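Beneath this line is the structure, given in structure tokens, with notes to follow.
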Amino acid sequence: MKRATILGALLVIGVVGGLASALVAQQQQPRPPLPDVTKVKDNLYVIASSAPGPEFTGGNTGVFVTDSGVVVVDTKLSGYGPTILEKIKKVTSKPVTTIINTHTHGDHTGSNEGFPATVDIVAHENTKANMVKMDAFKGDKAQFLPKRTYKDKMSVGSGKDRIDLYYFGAGHTNGDTWVVYPALRVLQTGDMFAWRDAPTIDRNNGGSGIDYPKTLSKAVAGIKNVDVVIPGHSPVTTLKDLQEYQRFMVDWVAAVQAAAAAGKSVDDAAASIDLTGKYPGYKNERYKAAITAVYAELKK
Ligand SMILES: [Zn+2]
């Protein structure tokens, strides 16, 4: 009896110990490091994105240091809250007061949970609706959902610290926010302009290849007085490159629609469409997935 109790106790210790070490292992699982903050202009910095792959950390993170606190635009994959805060501390001792999520994806919203629950979180209303459906924001984690939403346009802060948020329609998702820092003439695009290649068109979250070029046109026409552009997943660039991306997407969607009208399969369309000659520096690695999304949309 006594022996059984001791054995039982040992068993419990063994199981608990095993669980504890499994948890520690999970917590200590190394994540790819983040680069330091780099200055975009004056009081605006970026913690750069990385390319998808084993070293992937998420999208570009904007860090805007205002008089009343720090605004963080996009929070990368989960688990980066402490590291983002550490990086911000190198440029300011002010607390993070606001998070803006450009859209729902986990590589832009994943570390919302790493910030104090008092932080104001802002996103487009459709993005909040999309985030509510994510497992990452269920139960206790619901406190890291957007607290404020908007439909067409919204401003956060005032004077030189004002940020203007615009929604111009569907594309990457149905809730992509264009973030403008007017005093600095800088625009952060989220994944509406992620890279120089076909975009990810997330139809499960309301994205649309057909609307994509129209939405880009509205943004290019509607956002004034900007010189510098922070894309979703590539280095800081200029407005000229966003304007070029808009022209690329007009051509690319037209080519996909023509291929569909000619009865080409997705594979044949992907093999025959190539805009890399017309748009130097562009890749065609993401055509097939994007064509698949446009074809599904055309069939509907
Ligand atoms: Zn995305």
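The values are calculated or read from the model by the stated rules, or taken from the named source; none is laboratory data. The model shown is predicted, which means the values in this text are computed figures rather than measured ones. Reconstructed Cβ throughout: ideal geometry from the backbone, glycine too, with neighbour counts over all protein chains shown. These accessible areas exclude ligands, DNA and RNA; they are computed on the full protein's heavy atoms, side chains included. Shrake-Rupley method; radii C 1.70, N 1.55, O 1.52, S 1.80 Å.
I'd like the orientation of helix 2-28 relative to the chain: the angle between its Cα long axis and the longest Cα principal axis, in ° from 0 to 90, rounded to 10.
For 2-28 against the chain, the angle is about 30 degrees.
In this model, which of Lys89/Lys160; Lys90/Lys133; Lys90/Lys151; Lys87/Lys288; Lys240/Lys300; Lys41/Lys283 are farther than 32 Å apart at the alpha-carbon?
Lys90/Lys133; Lys90/Lys151; Lys87/Lys288; Lys240/Lys300
With loop defined by DSSP as not H, G, I, E or B, and exposure as at most 13 other Cβ atoms within 10 Å, which is the longest segment of the chain clear of exposed GluC sites (Glu not before Pro)?
For GluC sites (Glu not before Pro) (loop position, at most 13 other Cβ atoms within 10 Å), the longest site-free span of the chain is 56-284.
Just to make sure I understand: if all protein chains stay in place, what is the order of Lys224, Lys214 by accessible area at 1.4 Å, largest first?
Lys224, Lys214
Carbon-plus-sulfur fraction of the accessible area of the chain, 1.4 Å probe, in percent?
In the chain, the share of accessible area belonging to carbon and sulfur is 57 percent.
Counting only residues 5 or more places away or on other chains, whose amide H sits under 5 Å from the amide H of Val96 once H atoms are built in the peptide plane?
Long-range HN contacts for Val96: Val70.
Give the relative contact order (percent, whole number) for the chain; include only Cα pairs under 8 Å separated by 6+ residues.
12
With every protein chain left in place and a probe of 1.4 Å, what is the accessible surface of Thr276, to the nearest 10 Å²?
40
Could you state the accessible area per residue of the chain in Å², with a 1.4 Å probe and every protein chain left in place?
Solvent-accessible surface per residue comes out at 47 Å².
Output the direction-averaged projected area (hull surface divided by four) of the convex hull of the alpha-carbon atoms of region 223-262, in nm².
Mean projected area for region 223-262: 3.5 nm², to one decimal.
With a cut-off of at most 10 other beta carbons within 10 Å, and DSSP calling the residue loop, which trypsin sites (Lys or Arg not before Pro) in region 32-127 qualify? Please list them.
Hits after loop and neighbour filter: Lys90.
From the alpha carbon gyration tensor of the chain, can you work out the equivalent ellipsoid semi-axes (sqrt of 5 times each eigenvalue) and give them in Å, largest to smallest?
38, 27, 17
Short version: ³J(HN,Hα) in whole Hz for each residue of region 220-227, in order, from phi by Karplus 6.51 cos²θ - 1.76 cosθ + 1.60 (θ = phi - 60°), x for Gly and Pro, what are they?
Calculated HN-Hα couplings, in order: 4, 6, x, 9, 9, 6, 10, 10 Hz.
Just to confirm the number: angle between the C-alpha axis of helix 287-299 and the first principal axis of the chain, 0 to 90 degrees, nearest 10?
70
Just by accessible area at a 1.4 angstrom probe, what is the order of Asp267, Asp197 from largest to smallest?
Of Asp267, Asp197, the descending order of accessible area is Asp267, Asp197.
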